[in-house]
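**Q** The following block contains the structure, expressed as structure tokens.
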Amino acid sequence: MMRSLSVAACAVLAASAPAARGRTIEVSSGESIQAAVDRAVSGDTIAVQPGTYAGDGGLALVHVRKSGLRIEGARSAVIDARGYRYGVLVGDDGPVGAEGCVAVAVRSFTLDGLTVRSAAHAGVRLTGVDGFSVRGGAYLENGAYGIRPRCSAHGLIAGNFVSGDRDAAIHIGDSDHVVVENNAVTESGVGAVVENSSFVVLRHNQIFGNSAGIVVLVRPNLPLPVTDHVRIAENVVVQNDLPNPVPPDGGEGVGAIPSGAGILNAGGDHVTIERNIILGNDSFGVATVASPFALADSRVDPFADDQRVDHNVILMNGQSPDRDRPTPPGADIVFVPSLVDFASGAVLLPDPDSSDDCFGDNRFFTEHPAGVTSGMTCP
């Protein structure tokens, strides 16, 4: 599987490369980035000069519907999206439900650098985009999400600083073949979420000081009813202990995630968690549970299959679990493969076979249930 994901990562890098260069359109402070986007054609680069770019409000301060564009600038070029739902919207803001994803409308898009701040919903949203790169930027206090691709493919999210998002700093939803690497993420609900997506790689990220670190989950009533082939490797996931800003009874999936979660796999298949440093997360270091949303969608298999947890340092976790949300007992490693109501302890759906999951060569002190990893060693 590691080889297949490496090949997938190479494909992502090739697919997300910008189109052949055409003109460079410079935008100076006081001018409109959107006007430059409207003038541009495939292959053009929009070079945004230092300054603050704002507007009167609406759907998006910058809306890209064309293929093959590149927007670039230093982080001192600031998109101030107050009054807008999105700082940058690529594609269209269409509905996403069980009936299917929006169609691909944009092929090849690059956003390199800039600071995007204060959008109501997301700093940058990409919907129906095939081949994208979002790198080197800063995304600050953008409502629910910092960077959010949905129904998109062959993407790279790299070298960004993301902070101050209620739901998730980086959210991969209903997408495939996305690499998330070398980002620093803090002061958000969840550092990174992989939801109903496949062939996703998260590596070399620093995820610290959020409510939760990394979450892999399957939610109901979405186009793809599985999360499959996710590699989480060589990340630093430390002290993600902020209170969850989303209430547990608010009907949002993020609200059910306990504060103090390091890495949580809730029903993802073929998930590899390897060579990470996971320290000081109050509820648990690495936890595997069934998807709590399976009862709402008969297409969803709730159980995590073919998971591998290998060569991680998982220490000083689980020492003060979230009291506002039902959670398993705190520990460095938690493995509860059946669908359980943690409030009552009742087993709602037993996992028919958890023998395809394994643990190997991890450094840890505590586990729940006791001795579980010794009976599930990786080959």
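**Q** With axes computed from alpha carbons, what is the tilt in degrees of helix 2-15 against the longest principal axis of the chain, rounded to the nearest 10 within 0 to 90?
**A** 10
**Q** Something else now. Compute the signed sum of charges (Lys and Arg +1, Asp and Glu -1) over the other residues within less than 12 Å, Cβ to Cβ, of P321.
**A** -2
**Q** Related question: Which value at 222 nm does the chain reach when only helices count, each DSSP H run of 4 or more adding -39,500 (n - 2.57), with the total divided by all residues and rounded to the nearest 500 deg cm²/dmol?
**A** The per-residue figure over the chain is -1500 deg cm²/dmol.
**Q** Looking at the chain only, what percent of DSSP beta bridges run antiparallel? Nearest 5 please.
**A** Around 5 percent of the beta bridges assigned by DSSP in the chain are antiparallel ones.
**Q** Now for a separate question. Using r as the Cβ-Cβ distance of F342 and R75, and R0 as 41 Å, what FRET efficiency do you calculate, to the nearest 0.05?
**A** Between F342 and R75 the formula returns 0.45.
**Q** Also, I was wondering about something else. For segment 112-199, what's the relative contact order in percent, using C-alpha pairs closer than 8 Å and at least 6 residues apart?
**A** Averaging sequence separation for qualifying contacts and normalising by length gives 25 percent for segment 112-199.
**Q** Hey, another quick one. Please give the length that would be gained between A120 and R363 if that part of the chain were fully extended, namely 0.36 nm times their separation in residues minus their C-alpha to C-alpha distance (nm, one decimal).
**A** 83.4 nm
**Q** If you don't mind, another one. Among H270, H154, H204, which comes first, then next, by fewest other beta-carbon atoms within 10 Å?
**A** H204, H270, H154
**Q** When the Karplus curve 6.51 cos²θ - 1.76 cosθ + 1.60 is applied with θ = phi - 60°, which whole-Hz ³J(HN,Hα) does each residue of segment 38-45 get, with x for Gly and Pro?
**A** Residue by residue, segment 38-45 yields 5, 7, 6, 10, 3, x, 7, 10 Hz.
**Q** Okay, next question. Around V218, with a cut-off of 10 angstrom between Cβ atoms, what is the net charge of the other residues, counting Lys and Arg +1 and Asp and Glu -1?
**A** That works out to -3.
**Q** Still on this model: For segment 2-375, what does the relative contact order come out to in percent, with C-alpha contacts under 8 Å and a separation of six or more?
**A** It comes to 9 percent, rounded to a whole number.
**Q** Once the cut-off is 22 Å, how many percent of the Cα-Cα pairs in segment 102-253 end up in the long-distance tail?
**A** Summing the P(r) tail past 22 Å for segment 102-253 gives 32 percent.
**Q** Rank by packing, highest mean first: peptides 350-358, 330-338, with packing defined as the count of other Cβ atoms within 10 Å averaged across residues.
**A** Ranked by mean Cβ neighbours within 10 Å, highest first: 330-338, 350-358.
**Q** Which whole-percent values make up P(r) of segment 265-379 when all C-alpha to C-alpha distances are grouped in 10 Å steps starting at zero?
**A** Each 10 Å bin holds this share of Cα pairs: 15, 46, 34, 5.
**Q** Quick check on segment 35-89: take the gyration tensor over C-alpha atoms, sort the square-rooted eigenvalues as a ≥ b ≥ c, and tell me if it's rounded (a/c under 1.5), prolate or oblate.
**A** In terms of gyration-tensor shape, oblate.
**Q** How much net charge surrounds V340 when only other residues with a Cβ under 14 Å from its Cβ are counted (Lys, Arg +1; Asp, Glu -1)?
**A** Net charge in that neighbourhood comes out at -1.
Read the figures in this text as sums done on the coordinates, not as results from a lab. Everything numeric in this text was worked out from a predicted model, so none of it was measured. For neighbour counting, all protein chains shown are included, and Cβ atoms are generated from backbone atoms with ideal geometry for every residue, glycine included.
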